[in-house]
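Working notes, beginning with the structure itself.
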Amino acid sequence: MKKLVYAVLCLSLLGMRPATDDQECNSENLATACIPKLSDGFNFLKSYKVDGLAKDKVEYSYVFTKGTQYLINLCANGTNTDGIVVSIFDKERNKVATSKVNGQFISAIAYPCNATGIYYIQYTFDEPSSHCGGSAMGFKR
Amino acid sequence: MRLLVIGLAAAVLLSCSSGKKPDDSAFLQSLEKEPTAGVGVDEEVINSILEQIPSPLEISVLLKESGSKYAPEMLNSSNNLPKYNSNYKKALNLGVYGTDLGYTNIFGRNADGIKYISSIKSLADELNIGQFFDVETIGRLAANSKNLDSLLLITTMNFNQINHYLQSQSRDNLSVLLLTGGWVEAMQITCQTAVKNPGNTELREKVGEQKIILEQILLLFSFYKEDANMAGLLADLEQLKTAYDKVEINYTYKESTMEIVNGVATIKDNSTTTINITPQNVEEIRNITNTIRGKIIS
């Protein structure tokens, strides 16, 4: 009986693991790896984990300031941005910037802010994508 | 039987996934019994608001680029450190000293910065978050003014790590105090500089823009009304809000345009904000800010 319970427990554990090694998203490492990739002249502000394994989008917000230029970059495993798109929305949810331009995936956006306010930094995934990445944000005047 | 197996499996999974560091229980025990957010408040909501608060470093860069002179007399003296005996004061002044360190770094006054590094390390150790502050590396970088970029990078990373750790440990209240202390210090530096330079519209507008941050901070404090210390500070911040009610910020959206420059999607933001704030408004805001800051650093 004990052997049976042990066997079932092991099988259950395997079956209940939320993700296999292939499916795990080490977004923290990818976010950290993105920091040194900020262009020269930009001061590091934040790094963002982009773990979209269980959701369609990942969103953060930040108060951008008039007269300051922000740079947001993307890092992913494998090729370039791996289908990850970063977009910026203003407080009224108007899209003011995106890294997908004419079907092309760009790995960084520079946003010279002209209007102070709360902005939403949204990461979405264009298939095929592993829904896993990292991002860093810097600023300069 | 099936339920037993699933129960066992769940227990094993939970025990494997806690990911707590060995010092976590000591950390939690060492904190005063300050309440976390009220029952029913989503910590994710608090954390998302915390994430919005801009780095005080942005203001220091603006001050330097506006031609303001380095003014160490505006900063909190590192000699005040022994005054901070409660976790409430320690967290607030960890934020204050963090802003002061950023200010000295931006102005390349590393000798002054080293005093703040030492104070920050002491406060962080006393809050059991000293492991995130790499004082050795920071001290080494501070010894050479050519290391400014690395110095700014590592200090920002350390403060981000501290905030993330506090939030992950459900001690967001300390994170709120740390960010508030940093913001109030940046506010008083900006206000003092703006009052000294009444003709500088950009500085005046910078003071006005802080209305947006104050609203977010007030929202954060509203979750901790049960805490006497935080309720007291909330009352002071509400006074500041009354002064800010006279400041108007108008936003006009206009579709942005974009071009790709050296592989970067470069946006042209066509939206605008206009900030209506008079020199008298700045003075009133400065006076209230100074009073609040005086209570924090005393």
* Structure fact -> Cβ-Cβ cut-off under 15 Å around residue A:50, Lys and Arg +1, Asp and Glu -1: the net charge is -2
* Could you check what % of the DSSP bridge pairs in the protein assembly as shown are antiparallel, to the nearest 5? => 95
* Structure fact -> Magnitude of the Cβ-charge dipole (Lys and Arg +1, Asp and Glu -1) of the stretch A:24-140 about the Cα centre, nearest 20 debye, reported as 420
* To do: Step through the residues of the stretch B:264-278 one at a time and calculate ³J(HN,Hα) from phi using the Karplus curve (6.51 cos²θ - 1.76 cosθ + 1.60, θ = phi - 60°), rounding each to whole Hz and writing x for Gly and Pro.
  => 10, 6, 9, 9, 10, 7, 9, 6, 9, 10, 10, 10, 9, 8, 9
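Among DSSP beta bridges lying fully in the stretch A:24-140, give the percent that are antiparallel, nearest 5. Please list the in-between numbers first.
Values: 40 of 40 bridges.
Around 100 percent of the beta bridges assigned by DSSP in the stretch A:24-140 are antiparallel ones.
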* Structure fact -> HN-Hα couplings for the stretch B:95-100 via Karplus (6.51, -1.76, 1.60; θ = phi - 60°), in whole Hz with x for Gly/Pro, come out as x, 4, 5, x, 5, 4
* Exposure proxy ranking, count of Cβ atoms within 10 Å, fewest first, for B:133, A:64, A:42 -> A:42, B:133, A:64
* Fewest first, what order do B:178, B:219, B:214 take by the number of other Cβ atoms within 10 Å? -> B:219, B:214, B:178
* Under 18 Å from the Cα of residue B:121, which aspartates and glutamates turn up, not counting those fewer than eight places away in the same chain? -> B:23, B:100, B:112, B:134, B:136
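What share of Cα pairs, in percent, lie more than 19 angstrom apart in the stretch B:56-116?
That tail contains 30 percent of the Cα-Cα pairs.
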* log₁₀ I(q)/I(0) of the stretch B:97-180 at q = 0.20, 0.24, 0.26 Å⁻¹, via Debye over equal Cα point scatterers, no solvent, to two decimals? -> -0.85, -1.16, -1.31
* Near the amide H of residue A:101, under 5 Å away, which other amide H atoms are found, from residues 5 or more places off or on another chain, if H is placed in the peptide plane? -> A:106
* Structure fact -> For the stretch B:139-298, shape from the Cα gyration tensor axes a ≥ b ≥ c, cut at a/c of 1.5 then a/b versus b/c, turns out rounded
* Which of the residue pairs A:37/B:268; B:83/B:211; A:46/B:64 have a Cα-Cα distance greater than 24 Å in the structure shown? -> B:83/B:211
* Please report A:119, A:111 as a ranked list, fewest other C-beta atoms within 10 angstrom at the top and most at the bottom. => A:119, A:111
* To do: For the stretch A:24-140, restrict the atom set to alpha-carbon positions and state the Rg and Dmax in Å.
  => 13.2, 39
* To do: Can you give me the three principal axis dimensions of the protein assembly as shown from its C-alpha atoms, in Å, biggest first?
  => 82, 56, 44
* Compactness index (Cα Rg / 2.2 N^0.38 Å), chain B -> 1.11
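A short reminder: the numbers here are calculations on the coordinates, not readings from a lab. These numbers were taken from a predicted model, which means no experiment stands behind them. Heads up, the Cβs are rebuilt from the backbone with ideal geometry, glycines too, and the neighbour counts pull from every protein chain shown.
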